[in-house]
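Shown next, in structure tokens, is the structure this report addresses.
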Amino acid sequence: MSNENTPKSNTGKMAPPQPNFKIDPNPGTHVKKMIAVVSGKGGVGKSSVTAMSALWTARHGHSVAIMDADITGPSIPRMFGVGPYDLTANDTTIFPAQSVTGIKVMSMNLLMEQEDQPVIWRGPVIAGALKQFWTDVAWGDVDYMFVDMPPGTGDVPLTVFQALPVDGILIVTTPQDLVSMIVRKAVSMAKLMEVPILGIIENMSYVKCPHCGEEIHIFGSSHIDETAAAEGIPVIARIPIDSSMTAACDSGKIEYYDGDFMSGLGKVLPEI
Ligand code: ADP
């Protein structure tokens, strides 16, 4: 049966209805808004930005969770100083780890006996495991869940977007990234998924001179403003290279890091 709302293809024939791949969460999960953090490639600071976004949101009075969907490079547990012993489970359900300030975390690394054990799985198996982070983990009441996505726009991130109820996307880039291409790819993916892009964060944007405070753009001048303006997306943060951030991440003390670069998030987070 069709009506005037049924989409037509450009040949005039009826297009098949788009399949809905969304999966239901665990009955013990009540997440109000889900924000996916994406990047064009690994190593640009996507996990660090996910962590800082979660921290900023928690510091503003919200209950916050991080789903670490970057299965092959899971760094969230290390940053928050949580390990496998912080997970609890019964026969059917897993309960996420909680950081010192109460941020809930689930990551493949929490299921590994050793942190440095590699996950040697093909895409469909990884995607299946990620779906279980939604179906088998009881996240409880969460205002904002941040999803640290696998880098790129390949089949695993696509499956995650199709399966989870993502409300908005944050894009992380660096000045040496091929920014306009990466942003255009993310914009295309977001359009396909019908999810709004909330903003772009430029990480490793500059170094601040410890003597005079001058901002040194060691990767050359940034093109983030033109790119963002061309796509109509706000730039919500520029984060400097800061060795104390690296140290905080590496020692599990990101929650004690006092760099406050994410205030632009307040303007773009969807209301709950
Ligand atoms: P990704 O998730 O994109 O792979 P990460 O967030 O894991 O990247 O960051 C990679 C490494 O770079 C980590 O050691 C992290 O501490 C460091 N790092 C990220 N952003 C910064 C920054 N702005 N200043 C200093 N170190 C950073």
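Each reported figure results from applying straightforward, stated rules to the coordinates on display, with no laboratory input. Please read these numbers as outputs of a predicted model, since none were measured by experiment. FYI the Cβ positions are ideal-geometry reconstructions off the backbone, even for glycines, and counts take in every protein chain you see.
Numerical summary
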item	result
Under the Karplus curve 6.51 cos²θ - 1.76 cosθ + 1.60, θ = phi - 60°, whole-Hz ³J(HN,Hα) for region 76-92, x wherever Gly or Pro sits	4, x, 4, 4, 9, x, 10, x, x, 5, 8, 8, 10, 7, 10, 4, 10
Between region 77-113 and region 26-50, the alpha-carbon center distance in angstrom	16
Size of region 39-157 as Cα extents on the principal axes (Å, biggest first)	38, 37, 24
Rg(Cα)/(2.2 N^0.38 Å) for the chain, N = residue count	1.04
Residue order, fewest to most surrounding Cβ atoms within 10 angstrom, among 238, 59	59, 238
Coil-residue GluC sites (Glu not before Pro) of region 177-272, DSSP, other Cβ within 10 Å capped at 11	194, 214, 271
Residues whose placed amide H lies under 5 Å from that of residue 261, excluding near-sequence neighbours	none
Electrostatic dipole magnitude of region 29-271 [Cβ: Lys, Arg +1; Asp, Glu -1; Cα centre; debye, to 20]	360
